Amino acid sequence: MPIPEPVPLVCRPTPLHPLPRLSRMLGLDLWIKRDDLTGFAFGGNKGRKLEYLVAEALAQGADTVVSCGAAQSNFLRQLGAACAMHGLRCVAVAMHLPYEPGFGQPQRGRLLESSGNILLDRLLGVELRILPDGSWEELFSAAERVADELEEQGRRVYRIPVGGSSPLGALAFREAGLEARRQDDGFQAVVFASSSGSTHAGLAHAYAGSHTRVIGISCDPEPDLYDTLEELCAGQDRLLGTSVGLRRTDFELRFEAVGSGYGVAERPALEAILLMARHEGIFLDPVYSGKAFAGLLALAEARDLPQRVLFWHTGGTPTLMAVPDECWEDAGA
Ligand SMILES: *Cc1c(COP(=O)(O)O)cnc(C)c1O
């Protein structure tokens, strides 16, 4: 497939501005890229990927999209909105708390099983098929079975991998990186939440050969994320006809902020959310951007950050409404 003409979903460029009070407190020149403000379905980094993914679904003549993720997934919410806009049926196979078997399922801080993105999916008419909790691999094969069944029923199905992390999704984020470089190319580091990989792979491709460190704070304990990043960068090279050729050792992916696993609300992230809210009036989320900001704070504390830093806000704020009260109390709110 050639690169499709993207369908417009996101208002761009998203704002990029300084964080004066946090800068003073941390002794950094800290800025923020506001992909929480895409203007699309409560914002977030998935809108950019969906401009390409939905374009490809339409180009292939699909009438149904099948994807998967956690039930509180920001990706599934934005996918649901994009499908609604284009008259596509959206089937999402989900688990409340899928986990990495070698790492085990987190025991505390589960998000609520209503409200947040689950409510928004319902309003959008997403067919959310929730399975009992299990491993990510089980979730992926269940989604594959659902897609096969729908095809047997005569539907024309477009399959989207978790988080929209196909080479096209990464390409969309490469463009986001180029957009930020046009706004201000003087950052010594860019810090953001990383999970399914296409945000990181796209930004790494966009900043390749520059002096900017591209630091992904992993929100997943997945050991094979480096392979995914390498594959997604190779995929971008194929699509673009370039040969940037990023290898696993080229990626800076930090696992210190993962905590007890993916998808739960834990204290360091909640405290980072409070710090951002109470200094800059900006909301982060418990699963991704809060963890990423907690990771940034830990790097600053360890003096492992340069002076001029861009924090990339990837969105996710609807899950703030799905954090149980006792978790906030525990974090001092
Ligand atoms: C999906 C998501 C991420 C991670 O992006 P990937 O491309 O999956 O690595 C980060 N932040 C938020 C809010 C997200 O929803």
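Using label points projected 7 Å from each Cα along Cα→Cβ, tell me how many nm separate ILE3 and ARG122, to one decimal.
Label-label distance for ILE3 and ARG122, simple model: 4.1 nm.
Does the range 130-283 classify as rounded, prolate or oblate by the C-alpha gyration tensor (a ≥ b ≥ c root eigenvalues; a/c under 1.5 gives rounded; else a/b over b/c gives prolate, otherwise oblate)?
oblate
Tell me, how many Å apart are the Cα centres for the range 1-79 and for the range 131-177?
Taking the Cα centre of each part, the range 1-79 and the range 131-177 sit 17 Å apart.
Could you tell me which of rounded, prolate or oblate describes the range 293-333, using a ≥ b ≥ c as the square roots of the eigenvalues of the alpha-carbon gyration tensor, with rounded for a/c under 1.5 and, failing that, prolate when a/b is larger than b/c and oblate otherwise?
Oblate shape, in that a/c is at least 1.5 and b/c is the bigger or equal ratio.
Under 5 Å between amide H atoms, partner at least 5 residues away or on a different chain: which partners does LEU128 have, H built in plane at 1.01 Å?
Counting only residues 5 or more places away or on other chains, the set is ALA92.
Taking the convex hull of the Cα atoms, report for the range 59-198 its projected area averaged over all directions, in nm².
10.6 nm²
Could you work out the mean projected area of the convex hull around the alpha carbons of the chain, in square nanometres to one decimal?
15.5 nm²
Using the Karplus curve 6.51 cos²θ - 1.76 cosθ + 1.60 with θ = phi - 60°, what ³J(HN,Hα) values do you get for each residue of the range 161-171, in whole Hz, with x for Gly and Pro?
x, 3, x, x, 8, 9, x, 5, x, 5, 4
Considering the Cα positions of the range 52-126, please state its Rg to one decimal place and its Dmax as a whole number of Å.
14.1, 43
Within the range 1-33, find all residues whose amide N lies under 20 Å from a label point positioned 7 Å from the Cα of ARG303 along Cα-to-beta-carbon.
23-30
Report the FRET efficiency, 1/(1 + (r/R0)^6), for ASP184 and GLU138, where r is their Cβ-Cβ distance and R0 is 45 Å, rounded to 0.05.
For ASP184 and GLU138, the calculated efficiency is 0.55.
At q = 0.23, 0.24 Å⁻¹, what log₁₀ I(q)/I(0) does a Debye calculation on the Cα points of the range 1-54 give, no solvent, two decimals?
-0.83, -0.86
Given 25 °C and 0.890 mPa s, how large is the Stokes-Einstein diffusion coefficient of the range 217-333 in µm²/s, with Rh as the Kirkwood radius over Cα pairs?
Result for D is 156 µm²/s.
Which ³J(HN,Hα) values in Hz, rounded to whole numbers, follow from the phi angles of the range 19-33 under the Karplus curve 6.51 cos²θ - 1.76 cosθ + 1.60, where θ = phi - 60° and Gly and Pro get x?
10, x, 6, 5, 4, 4, 5, 8, x, 10, 9, 9, 10, 9, 9
So, with +1 on the Cβ of K and R and -1 on the Cβ of D and E, and no other charges, what is the size of the charge dipole of the chain about its Cα centre, to the nearest 20 debye?
940 debye
If you keep only loop residues by DSSP, which trypsin sites (Lys or Arg not before Pro) in the range 247-333 have at most 12 other Cβ atoms within 10 Å of their Cβ?
Counting only loop positions with at most 12 other Cβ atoms within 10 Å, the trypsin sites (Lys or Arg not before Pro) in the range 247-333 are ARG247, ARG303.
Would you compute, from DSSP H runs of 4+ residues alone, the mean residue ellipticity of the chain at 222 nm, taking -39500 (n - 2.57) per run and dividing by the full residue count, rounded to the nearest 500?
Helix-only estimate at 222 nm: -13000 deg cm²/dmol.
In nm, to one decimal, how far is the modelled label at MET85 from the one at ASP237, with both set 7 Å along Cα→Cβ?
3.3 nm
When the chain is fully extended, how far beyond the present Cα-Cα distance does ASP325 get from ARG108, taking 0.36 nm per residue of separation?
Result for the pair: 76.8 nm of gain on full extension.
Could you work out the equivalent-ellipsoid semi-axes for the range 144-222, taking the square root of 5 times each eigenvalue of the Cα gyration tensor, largest first, in whole Å?
Each semi-axis is √(5λ); the values are 33, 14, 7 Å.
Every read-out reported here was derived from the displayed coordinates using simple, explicitly stated rules and does not represent laboratory data. Since this is a predicted model, take the numbers as computed values, not measurements. Neighbour counts run over all protein chains shown; Cβ positions are idealised from the backbone, glycine included.
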